[in-house]
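Heads up, the thing below is written out as structure tokens.
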Amino acid sequence: MTVDDPFAHLHDEDYAAAFSRGWAGADTLFDPAGRTGTSLDGEWTLTLDPYDEGLRQRWFELDDDPPERWTVPRDYDPAGGDRVPVPSCWNLLKPEWKHYEGAVWYARHFDHSGATPERRFILHFGAANYAARVFLNGRFVGAHRGGSTPFSLDATNALRPGANRLMVHVENRRRDDRVPMSHFDWFNYGGLHRGVTLFEFPQAHIRRFRIAWHDGAIRVVADCGGTSPRLRIPELGIDAILDGGRGVFAATPEFWSPDRPKLYDIELSLGPDICRERVGFRDVRVDGTRILLNGAPIRLKGACVHEDDVATGRCSDAADIARRLAHVKELGGNFLRLSHYPHDPRVARMADEAGVLLWAEIPVYWAIDFANAETYADAENQLRELIARDINRASVILWGVGNENADTDLRLSFMSRLAATAKRDDPTRLVSAACLVNRREFRIEDRLADALDVIGLNEYFGWYEPDIRDLKRLLANSTPDKPVIVSETGADAVAGLRANDGRLFTEDKQARFYADQVAALRGCDYVQGLAAWLLYDFRSERRQTRFQRGWNRKGLIAEDKATRKLAFGALRDAWRDW
Ligand code: GCU
């Protein structure tokens with residue numbers, strides 16, 4: 001897969017070769033799940049590079065000499081940048097960096113005893129928005145694009161004994177050929193916004209594995225380069241060698257569900273490489289217009305949520321995630337739509353423990369460059385990396401392949417291919433997207449639905465389309481042959497702004513909105529879920545009225561993630577018996 005790297009002509013052979021390898025999809029990934037490495041989080045330096053001078057001048061080859069030892073002038077010195085924490089979003093670190101969209105250079109040193117012939121050394125990045133190029137001791141070790149998925153790069157040949165210098169070029173430019181493209185309704189944070197870790201493995205190690213209950217058995221596939229690892233699930237009496245990495249076990253586990261989120265401790269080992277995970281077994285499928293979890297119909301009640309925090313932007317921590325899950329439960333919900341890009345991997349792990357169902361998605365959002373093969377490769381790579389990362393998480397039941405994309409033949413082809421990829425990579429989950437409405441006939445209808453298991457319906461009747469009666473008209477006029485989830489619906493409200501005269505942006509109007517929504521949905525037997533848009537107010541520079549000032553105010557809770565608006569209680573009460 002060639003990539004239009006504007007700087008490819010500037011680099012030597014190993015850059016070009018590793019560059020193309022670095023863009024490859026999930027197949028080149030190793031998944032460190034269940035293993036511990038050496039964290040490289042903490043203090044790095046950061047230097048802005050708006051003209052990408054660093055790639056032209058090959059800053060990654062500069063020495064670390066202190067200024068007093070310089071013999072010729074230079075425009076960058078790796079040790080001389082601003083000191084910043086990793087993970088972080090640079091936008092919130094200095095006022096003058098808030099709206100910076102461009103390239104930066106991260107740099108840090110770490111000591112190491114050096115590579116050894118029988119070991120592999122993997123640099124693992126939780127995510128870098130949007131594109132990253134990684135250099136260790138002046139050598140290019142790999143690149144990645146896609147702002148929210150992990151990537152692993154083999155650093156064995158570049159690692160040396162003693163002091164090692166790691167430099168990462170990260171750029172978050174909005175471009176029409178990217179995923180998302182240049183126009184979207186959230187803040188364009190940039191940076192190494194998830195952790196960086198150095199893993200060390202024996203030559204023969206567990207690259208990744210998947211385990212699931214599917215077609216009446218526990219099925220395991222482990223990618224260990226063709227060797228045969230050992231699987232232990234003590235509570236199920238399983239202790240077996242997986243011949244060639246594969247195994248099928250006719251066990252009868254207790255199924256995982258929101259009410260009983262049962263997880264099993266499993267251990268997969270290949271010699272000294274031991275992977276320990278906690279895994280839930282469950283079955284999710286559609287039956288006509290119903291969604292079945294472990295054979296029983298289920299209604300998904302919950303909210304959408306962005307990764308956005310007043311203080312940390314895109315960076316989540318365990319407390320932030322635990323609060324998110326607790327708020328959904330307090331709403332009387334069982335479901336979170338992780339909008340509109342892959343969230344921190346801890347969300348699915350903690351949702352497994354808490355018993356919250358998840359819709360995870362890639363940012364094929366609005367007007368993507370559907371005619372561009374490289375854009376498709378980027379979108380598919382993000383999808384495959386998301387699936388590879390969360391494949392063993394019981395809480396994830398839906399892969400979302402897009403959101404509100406205008407109906408064209410190119411869009412239909414692009415997104416149908418993505419849906420097929422999701423089904424091929426993972427036959428154990430459902431595939432959905434926020435689909436379109438046939439406005440002429442005024443019914444839920446989208447050519448893309450044929451490629452999906454569940455139809456997502458973003459509708460704002462009562463807000464952008466003021467008359468709530470149109471929602472009932474749309475539902476009565478539609479005859480979908482598969483389940484529909486209201487994948488978004490909401491209204492803005494400024495926390496504390498009250499008026500009972502129907503005025504927009506008041507808490508009272510937002511609360512009334514949700515009472516009307518649930519009332520309109522009652523009795524529609526093919527609507528199997530509602531995801532309120534959304535849990536918390538979030539930053540969006542598209543929103544500039546006196547009520548918004550750069551924030552989208554549709555949160556049920558304000559951006560402090562504590563101040564509940566009237567709508568929080570209104571929704572909780574309205575859908576209690578729905
Ligand atoms: C759209 C879109 C969201 C957006 C929301 C809104 O449906 O999917 O990303 O934030 O509407 O207008 O608030």
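The values are calculated or read from the model by the stated rules, or taken from the named source; none is laboratory data. Here the structure is a predicted model, which is why all the values come from computation and not from measurement. Ideal geometry is used to build each Cβ from the backbone, glycine not excepted, and the neighbour counts take in all protein chains shown.
Name the single residue that is farthest from Arg210 (Cα to Cα) among those in the stretch 367-408 being acidic (Asp, Glu) and crowded, with 21+ Cβ neighbours inside 10 Å.
Only one residue tops the list, namely Asp378.
Sort out which residues of the stretch 221-247 are of a type in the set (A, V, I, L, M), free of Cβ contacts under 8 Å to residues at least 40 places away in the same chain and either under 22 Å from Val396 (Cα atoms) or touching a helix residue (DSSP H, G or I) at 6+ places or on another chain (Cβ under 8 Å) (or both), and write them in order of number. Working first, answer last.
Of the residues in the stretch 221-247, the ones of a type in the set (A, V, I, L, M) are 221-222, 231, 233, 236, 238, 240-242.
After this cut, where a residue has to be free of Cβ contacts under 8 Å to residues at least 40 places away in the same chain as well, the list is 221, 231, 233, 236, 238, 240-242.
Hits for the stretch 221-247 are Val221, Ile233.
Being of a type in the set (Ser, Thr, Tyr) and touching a residue at least 24 places away in the same chain (Cβ under 8 Å) is the filter here, so list the residues in the stretch 98-125 that pass it.
Residues of the stretch 98-125 of a type in the set (Ser, Thr, Tyr): 100, 106, 113, 116.
Selection gives Tyr100, Tyr106, Ser113.
State the number of residues belonging to the stretch 442-460 that are charged (D, E, K, R) and either within 13 Å of the ligand (Cβ to nearest atom) or in a loop (DSSP other than H, G, I, E, B) (or both).
Looking only at that region, the number is 4.
From the set of residues in the stretch 501-510 that are surrounded by fewer than 20 Cβ atoms within 10 Å (Cβ to Cβ) and in a loop (DSSP other than H, G, I, E, B), which is farthest from the chain's Cα centre (by Cα)?
Of the stretch 501-510, the ones surrounded by fewer than 20 Cβ atoms within 10 Å (Cβ to Cβ) are 501-505, 508.
Add one more test, that the residue is in a loop (DSSP other than H, G, I, E, B), and what stays is 501-504.
Numbers: Asp501: 40, Gly502: 37, Arg503: 36, Leu504: 32 Å.
If we take residues in the stretch 501-510 being surrounded by fewer than 20 Cβ atoms within 10 Å (Cβ to Cβ) and in a loop (DSSP other than H, G, I, E, B), then Asp501 is farthest from the chain's Cα centre (by Cα).
Here is a check on your reading of the model: is Arg411 of a type in the set (Lys, Arg), surrounded by fewer than 19 Cβ atoms within 10 Å (Cβ to Cβ) and without any contact (Cβ under 8 Å) to a residue 60 or more places away in the chain? Before the answer, list the steps.
Values: of a type in the set (Lys, Arg): yes; surrounded by fewer than 19 Cβ atoms within 10 Å (Cβ to Cβ): no; without any contact (Cβ under 8 Å) to a residue 60 or more places away in the chain: yes.
When the stated conditions are applied, Arg411 does not pass them.
Results for (1) within 16 Å of the ligand (Cβ to nearest atom); (2) modelled with pLDDT of 95 or more; (3) out of contact with any Phe, Trp or Tyr (no Cβ under 7 Å at 6 or more places or on another chain), shown as yes or no for each residue.
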{"position": "Leu358", "(1), (2), (3)": "no, yes, yes"}
{"position": "Glu374", "(1), (2), (3)": "no, no, yes"}
{"position": "Ala394", "(1), (2), (3)": "no, yes, no"}
{"position": "Glu404", "(1), (2), (3)": "yes, yes, no"}
{"position": "Phe414", "(1), (2), (3)": "no, yes, no"}
{"position": "Ala419", "(1), (2), (3)": "no, yes, yes"}
{"position": "Val431", "(1), (2), (3)": "no, yes, no"}
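Evaluate the stretch 278-291: report whether one residue or more is free of Cβ contacts under 8 Å to residues at least 60 places away in the same chain and either crowded, with 16+ Cβ neighbours inside 10 Å or within 16 Å of the ligand (Cβ to nearest atom) (or both). Spell out how you get there, then give the answer.
Just the residues of the stretch 278-291 that are free of Cβ contacts under 8 Å to residues at least 60 places away in the same chain, to begin with: 287.
Retained after the next criterion (residues that are either crowded, with 16+ Cβ neighbours inside 10 Å or within 16 Å of the ligand (Cβ to nearest atom) (or both)): none.
Taking every residue of the stretch 278-291 in turn, none turns out to be free of Cβ contacts under 8 Å to residues at least 60 places away in the same chain and either crowded, with 16+ Cβ neighbours inside 10 Å or within 16 Å of the ligand (Cβ to nearest atom) (or both).
Are there any pairs with C-beta distances below 8 angstrom linking a residue in the stretch 315-339 that is touching a residue at least 12 places away in the same chain (Cβ under 8 Å) and within 16 Å of the ligand (Cβ to nearest atom) to a residue that is assigned to a helix (DSSP H, G or I) and not acidic (Asp, Glu), with the two at least 6 apart or on different chains, and if so which?
Filtered contacts from the stretch 315-339: Leu336/Arg324; Leu336/Leu325; Leu336/Val328; Leu336/Val347; Leu336/Ala351; Leu338/Val347.
Could you list, in sequence order, all residues of the stretch 461-484 that are within 16 Å of the ligand (Cβ to nearest atom), within 21 Å of Arg447 (Cα to Cα) and outside any helix (DSSP H, G or I)?
Passing the criteria: only Val484.
Here is a check on your reading of the model: is Glu353 over 19 Å from Ala419 (Cβ atoms), modelled with pLDDT of 95 or more, out of contact with any Ser or Thr (no Cβ under 9 Å at 6 or more places or on another chain) and among the acidic types (Asp, Glu)? Quick ask: steps written out before the conclusion?
On the way: over 19 Å from Ala419 (Cβ atoms): yes; modelled with pLDDT of 95 or more: yes; out of contact with any Ser or Thr (no Cβ under 9 Å at 6 or more places or on another chain): no; among the acidic types (Asp, Glu): yes.
Answer is no for this residue.
Exactly one of (1) in contact with a Phe, Trp or Tyr (Cβ under 8 Å, 6 or more places away or on another chain); (2) at pLDDT 90 or above is unmet by Pro161. Its number?
Only one criterion in (1) in contact with a Phe, Trp or Tyr (Cβ under 8 Å, 6 or more places away or on another chain); (2) at pLDDT 90 or above is unmet by Pro161, namely (1).
Quick check, is Ala127 under 19 Å from the mean Cα position of the chain (by Cα) and of a type in the set (A, V, I, L, M)? Full working, then the answer.
Values: under 19 Å from the mean Cα position of the chain (by Cα): yes; of a type in the set (A, V, I, L, M): yes.
The answer is yes for Ala127.
Please state which one of Arg219, Arg230 is over 28 Å from the mean Cα position of the chain (by Cα) and more than 16 Å from the ligand (Cβ to nearest atom). If you could, list the steps in order and put the result at the bottom.
Details: Arg219 fails: over 28 Å from the mean Cα position of the chain (by Cα).
Going through Arg219, Arg230 in turn, the sole match is Arg230.
Output the residues belonging to the stretch 511-544 that are surrounded by fewer than 17 Cβ atoms within 10 Å (Cβ to Cβ), closer than 13 Å to Asp492 by Cβ and more than 13 Å from the ligand (Cβ to nearest atom).
Gln544
Taking into account only those residues within the stretch 93-148 that are polar (S, T, N, Q) and out of contact with any Gly (no Cβ under 6 Å at 6 or more places or on another chain), which is surrounded by the fewest Cβ atoms within 10 Å (Cβ to Cβ)? Talk me through it step by step, then tell me what you get.
Quick first cut of the stretch 93-148, residues polar (S, T, N, Q) only: 113, 116, 129, 137, 148.
Within this subset, residues satisfying the condition of being out of contact with any Gly (no Cβ under 6 Å at 6 or more places or on another chain) are 113, 116, 137, 148.
Working: Ser113: 9, Thr116: 11, Asn137: 16, Ser148: 24.
Among those residues, the one meeting the criterion is Ser113.
Please verify whether Ala419 is on the phi < 0 side of the Ramachandran plot, in contact (Cβ under 8 Å) with a residue 12 or more places away in the chain and touching a helix residue (DSSP H, G or I) at 6+ places or on another chain (Cβ under 6 Å), treating the condition exactly as stated. Outline the logic, then answer.
Values: on the phi < 0 side of the Ramachandran plot: yes; in contact (Cβ under 8 Å) with a residue 12 or more places away in the chain: yes; touching a helix residue (DSSP H, G or I) at 6+ places or on another chain (Cβ under 6 Å): yes.
It is true that Ala419 is on the phi < 0 side of the Ramachandran plot, in contact (Cβ under 8 Å) with a residue 12 or more places away in the chain and touching a helix residue (DSSP H, G or I) at 6+ places or on another chain (Cβ under 6 Å).
Test Val221 against the criterion of being in a strand (DSSP E or B), modelled with pLDDT under 95 and out of contact with any His (no Cβ under 6 Å at 6 or more places or on another chain), and give yes or no.
Working: in a strand (DSSP E or B): yes; modelled with pLDDT under 95: yes; out of contact with any His (no Cβ under 6 Å at 6 or more places or on another chain): yes.
The answer is yes for Val221.
Quick check: is even one residue across the stretch 546-557 out of contact with any strand residue (DSSP E or B) (no Cβ under 8 Å at 6 or more places or on another chain), over 16 Å from Trp463 (Cα atoms) and surrounded by fewer than 16 Cβ atoms within 10 Å (Cβ to Cβ)?
Looking only at the stretch 546-557, we keep the residues that are out of contact with any strand residue (DSSP E or B) (no Cβ under 8 Å at 6 or more places or on another chain), and these are 546, 548-549.
Filter once more, keeping what is over 16 Å from Trp463 (Cα atoms): 546, 549.
Applying the additional criterion that residues be surrounded by fewer than 16 Cβ atoms within 10 Å (Cβ to Cβ) yields 546, 549.
Checked the stretch 546-557: at least one residue is out of contact with any strand residue (DSSP E or B) (no Cβ under 8 Å at 6 or more places or on another chain), over 16 Å from Trp463 (Cα atoms) and surrounded by fewer than 16 Cβ atoms within 10 Å (Cβ to Cβ).
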